[in-house]
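One structure is given here, and the rest of the page talks about it.
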Amino acid sequence: MMDFMTLIQVLDSTVRLATPLLLACLAGLYSERAGIFDIGLEGKMLVAAFFSAAIAYVSGSVWLGLLAGIGASMLLAGLHGLASITFRGNQLISGVAINFLAAGMTVLIAQDWFQQGGRTPSLAGNARFNPIELPFAEALSGVPFFGPIYAELLSGHSILVYIAFLAVPGTWWLLYRTRFGLRLRAVGENPAAVDTAGVSVVGLRYAAVGICGILCGIAGAYLATALQAGFVKDMTAGRGFIALAALIFAKWRPWQAMWACLLFGFLQAIALRYQNIDLGGVVIPVQVMDALPYILTVVILAGFVGKAIPPRAGGEPYVKER
Amino acid sequence: MTAPAIELKGISKSFGPVQANKDISISVAPGTIHGIIGENGAGKSTLMSILYGFYKADKGEVWINGKHTEIPDSQAAIAAGIGMVFQHFKLVENFTVLENIILGAEDGPWLRPSLSKAAKILDELATEYELNVNPDALIEEIGVGMQQRVEILKALYRQADILILDEPTGVLTPPEADQLFRILYRLRDEGKTIILITHKLREIMDATDTVSVMRRGEMTATVKTADTSPEELAELMVGRKVLLQVDKVPASPGAKVLEIENLRVTDDQGVERVKGIDLTVRAGEILGIAGVAGNGQSELLEVLGGMRPGVGVIRLNGEPLPLTGPGSDGQSRRAAHIAHVPEDRQREGLIMEFYAWENVAFGYHRDQAYQKSKLLMDNTALRQDADEKIERFDVRPANSWLTAKNFSGGNQQKIVVAREIERNPDLLLIGQPTRGVDIGAIEFIHKQIVALRDAGKAVLLVSVELEEILSLSDRIAVMFDGRIMGERLPDATTEKELGLLMAGVSGEAA
């Protein structure tokens with residue numbers, strides 16, 4: 001079956017595949033903890049993926065690309081905020097609209113700019129995020145057991161992977177150890193309590209939606225400029241929805257969100273590595289493996305995994321009552 | 001002479017065509033408890049919301065401690081030393097007491113120093129005002145009385161000198177209410193100014209130093225409490241003489257109409273709410289069920305009304321009624337001559353977007369008199385029927401083409417009561433008959449209930465208002481935690497005794 005090195009390699013690709021999920025999941029966490037449901041994670045990642053790849057290609061700088069991706073994602077986040085906070089619209093409809101807008105817009109602009117069938121040209125060199133070797137990775141790789149873990153699993157990812165995983169304790173600390181976090185959690189549970197305490201509900205919710213935009217932007221840029229080398233049509237492939245499932249699975253808590261995303265990433269890594277699994281005569285076809293993350297998503301969303309209580313004021317626009 | 005703690009000068013506020021406050025001026029002396037009394041919709045809450053910065057007045061000025069103060073938002077109100085305890089608490093349920101108290105009043109961007117400082121201040125407040133709460137308890141795990149304390153502590157933590165309480169006793173047991181008033185006296189004696197908004201005359205008479213009466217957006221009088229009487233206040237509120245006591249002759253109970261044996265009911269979450277109760281209601285008798293909200297009364301009514309399945313035996317005029325499956329729905333109950341005025345008229349009694357004439361027929365809309373043919377309803381008959389009932393019950397405005405949401409709470413309730421009582425049922429189930437209903441309509445609805453009893457019908461009354469239970473019932477059963485704690489006769493018991501039963505202290509111990 002699986003020897004040690006194979007396991008390390010599978011886990012290594014788990015980390016890489018879990019990264020965009022984790023960033024999107026944390027993005028959703030901020031938004032939903034503040035009471036704004038966001039099914040537009042997918043759309044925001046998609047525009048970020050396109051604009052980061054396009055700008056990185058044109059400018060040759062992946063960092064400018066990242067900024068462009070974050071900017072595009074934040075524009076859509078602002079649109080969602082406008083619809084659901086300022087105009088108190090339906091948050092699900094706004095999210096769906098953003099997903100459609102992103103899916104259509106990216107392909108259209110890509111075709112107009114690059115004429116390559118709705119994709120960007122391949123990125124190379126400084127137009128991509130390249131792996132970072134952690135110090136002494138080479139030297140320590142010979143050490144039994146720990147060597148490969150350090151050199152193969154922990155070292156050799158792009159900077160965005162480390163940012164994503166550092167964002168987990170960062171989010172935990174922000175939520176549970178700061179004034180902003182207390183207010184953010186409160187506004188998702190009972191905005192009236194925040195309002196009567198003299199704090200702006202609208203301001204807090206825009207802040208949360210803004211953070212959501214930044215994280216989705218990084219997630220999208222990671223897809224197009226680190227995991228892959230360029231943008232292709234619909235490259236998010238439902239990751240925004242898988243991230244939402246992971247968020248529910250994690251019951252809107254940061255550490256649990258990381259483990260949920262790693263689980264989904266692991267399933268994707270397995271599907272990539274083992275195209276057909278032979279279980280004593282019965283061959284599981286590759287399609288089943290590819291579908292596994294999505295099947296798990298459906299299972300989780302159907303509520304088979306314990307009871308997940310969302311933030312109490314989630315999805316409801318705040319209106320002062322008489 | 002010291003400046004008044006609060007002075008409102010010529011406050012006016014309209015919501016569209018509705019003028020909620022008309023040129024209101026009052027002045028409240030520091031260190032007093034000032035009551036504001038008025039019927040629902042008289043504009044009390046609007047006035048206080050203006051003072052707390054929730055709404056902006058169209059006209060008028062607010063003066064705090066002799067200074068003209070602009071209050072554009074709650075932040076400004078807090079800065080001016082005003083704290084408000086809303087009728088519906090503004091607490092985050094899954095936060096601790098301490099977290100709720102510091103929310104919005106943190107000392108800096110980091111939580112830990114704020115929390116430890118708040119814990120210390122809370123300790124001092126607790127000893128100073130006897131406001132003890134466990135700072136680490138979650139809000140959802142403590143009772144409403146405690147939650148209210150947290151709201152008061154929130155205001156004190158923000159160094160409020162003026163405390164506004166909106167209908168504070170609505171959710172409290174009588175002992176809890178007594179405790180609240182002891183806290184308020186103590187706060188007053190420490191120099192705080194307290195505004196108490198209520199519709200309960202007795203609280204005004206017991207607790208306040210001065211009282212202002214509001215009617216239809218206007219301030220009709222401000223008097224010293226010692227110089228007035230409940231009768232006078234009621235008249236000022238309603239604008240005419242009101243009978244505060246229900247006039248009724250002694251009951252002459254007849255045969256058993258409703259018999260309940262070992263009834264058990266579980267709620268939607270699977271929690272057992274009614275834990276094996278036995279009750280009997282006779283013809284010509286009103287049985288009142290007293291209890292704090294949430295002790296199984298709602299579920300009891302719902303089972304009897306066919307809105308929820310149960311386990312046990314229920315007999316109507318000796319015939320067992322099915323509690324599950326076919327024949328246990330609301331339609332069948334009504335066919336068996338059980339009328340039901342549900343506790344929440346807006347959710348269960350009416351369809352708010354439908355016309356009054358449609359609402360008058362609900363539940364009885366399959367009645368032969370309303371059918372034109374097998375497929376079509378006879379709307380003319382429906383409207384005629386509705387108009388008659390609206391006239392007999394003095395529903396205002398007397399227009400059956402208005403949707404239910406356009407009537408005031410009292411008139412909505414009259415529509416529901418008219419629909420149920422006019423059917424001349426054998427048994428009337430009536431929950432919170434006068435919740436959110438103005439005094440004039442209360443008097444009317446009470447008369448109708450007594451009239452039905454005098455016609456030899458059985459009435460099962462559920463109410464959280466102890467005064468209502470005491471004045472209407474011929475027999476009182478107290479419910480606590482899904483069980484009947486005891487039965488009493490209204491003449492042979494006291495509010496104190498019932499209050500203890502409602503709090504779960506058994507009859508023998510009391």
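Just so it is clear, none of the values below were taken in a lab; they were calculated from the coordinates. Keep in mind the model is a prediction, meaning the values are calculated, not measured. Cβ sites come from the backbone with ideal geometry, for glycine too, and all protein chains shown count toward neighbours.
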Kyte-Doolittle mean at least -0.5 and Cα extent at least 18 Å along the axis: which DSSP H helices of chain A qualify?
A:4-33, A:41-59, A:62-81, A:91-114, A:159-177, A:201-222, A:254-273, A:286-301
Among B:A451, B:Q384, B:A283, pick out the residue whose Cα is farthest towards the positive end of the charge dipole of the stretch B:256-502, where Lys and Arg carry +1 and Asp and Glu carry -1 on C-beta, about the Cα centre.
B:Q384
Pairs over 26 Å Cα to Cα, from A:K251/B:K154; B:K117/B:K192; A:K320/B:K44; B:K22/B:K200; B:K192/B:K224, come to A:K251/B:K154
Percent antiparallel among DSSP beta bridges confined to the stretch B:6-238, rounded to 5, stands at 50
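What does the structure give for B:105-117 when I average, per residue, the other chain Cβ atoms found within 10 Å of the residue Cβ?
On the way: counts 4, 7, 1, 2, 5, 4, 7, 2, 0, 2, 1, 0, 0.
Neighbouring Cβ atoms belonging to other protein chains average 3 per residue here.
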For the stretch B:349-457: lysine pairs with Cα atoms under 25 Å, gap of 8 or more or different chains, count?
10
What's the center-to-center distance, using Cα atoms, between the stretch B:46-116 and the stretch A:73-101 in Å?
31
The stretch A:11-237 - charge dipole about Cα centre, Lys and Arg +1 at Cβ, Asp and Glu -1, debye rounded to 20:
500
Honestly the stretch B:303-382 on the Cα gyration tensor test (a ≥ b ≥ c root eigenvalues; a/c under 1.5 rounded, otherwise a/b vs b/c for prolate or oblate) is just oblate
What does the charge dipole of the protein assembly as shown about its Cα centre add up to, to the nearest 20 debye, if the Cβ of each Lys and Arg holds +1 and the Cβ of each Asp and Glu holds -1?
1660
Could you let me know the centre-to-centre spacing of the stretch B:1-19 and the stretch A:155-188, using Cα atoms, in angstrom?
47
On a 0 to 90 degree scale, rounded to 10, what angle separates helix B:439-454 from the longest Cα axis of chain B?
30
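Sort the protein assembly as shown into rounded, prolate or oblate with this rule: let a ≥ b ≥ c be the square roots of the eigenvalues of the Cα gyration tensor; rounded if a/c is under 1.5, and if a/c is not under 1.5, prolate when a/b is larger than b/c, oblate otherwise. Don't skip to the answer; put the middle values down first.
Numbers: a/c = 2.19, a/b = 1.69, b/c = 1.30.
It comes out prolate by the Cα gyration axes.
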So if I take the centroid of the Cα atoms in the stretch A:263-320 and the same for the stretch B:416-481, what is the distance between those two points in Å?
55
Under 1.5 on a/c is rounded, so check that first for the stretch A:11-237, then, if it is not, pick prolate when a/b is larger than b/c and oblate when it is not; a ≥ b ≥ c are the square roots of the alpha carbon gyration tensor eigenvalues.
oblate
Nearest 500 deg cm²/dmol is fine: what mean residue ellipticity at 222 nm does chain A get from its DSSP H runs of n ≥ 4 alone, each adding -39,500 (n - 2.57), divided by its residue count?
-21000 deg cm²/dmol
Work out which chymotrypsin sites (Phe, Trp or Tyr not before Pro) in chain A are exposed loop sites (DSSP not H, G, I, E or B, at most 13 other Cβ within 10 Å) and give the longest gap free of them.
A:146-303
Gaussian network model of chain A, springs between alpha carbon atoms under 10 Å - residue of A:L46, A:L26, A:L272 with greatest fluctuation:
A:L272
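Restricting to Cα pairs below 8 Å that are 6+ residues apart, what does the relative contact order work out to for chain B? Please round to a whole percent.
On the way: 1041 pairs, mean separation 74.2, N = 510.
Relative CO of chain B lands at 15 percent.
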Among A:G213, A:G188, B:T198, whose Cα lies farthest out toward the positive end of the dipole of the protein assembly as shown, if unit charges sit on the beta carbon of Lys, Arg (+1) and Asp, Glu (-1)?
A:G213
Which one of B:H340, B:L263, B:A118 is farthest out on the positive end of the charge dipole of chain B, using unit charges on Cβ (Lys, Arg +1; Asp, Glu -1) and the Cα centre as origin?
B:H340
For the protein assembly as shown, what proportion of DSSP beta bridges, expressed in % and rounded to the nearest 5, is antiparallel?
55
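Would you compute, from DSSP H runs of 4+ residues alone, the mean residue ellipticity of chain B at 222 nm, taking -39500 (n - 2.57) per run and dividing by the full residue count, rounded to the nearest 500?
Working: 16 runs with 161 residues, N = 510.
Only helices count here, giving -9500 deg cm²/dmol.
Would you work out the charge dipole size for chain B about its Cα centre, treating the Cβ of every Lys and Arg as +1 and the Cβ of every Asp and Glu as -1, and quote it to the nearest 20 debye?
Values: 56 positive and 74 negative charges, 219 e Å.
The calculated dipole for chain B is roughly 1060 debye.
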Anyone know which of A:I55, A:I163, A:I214 comes out most mobile in the 10 Å Cα GNM of chain A?
A:I163
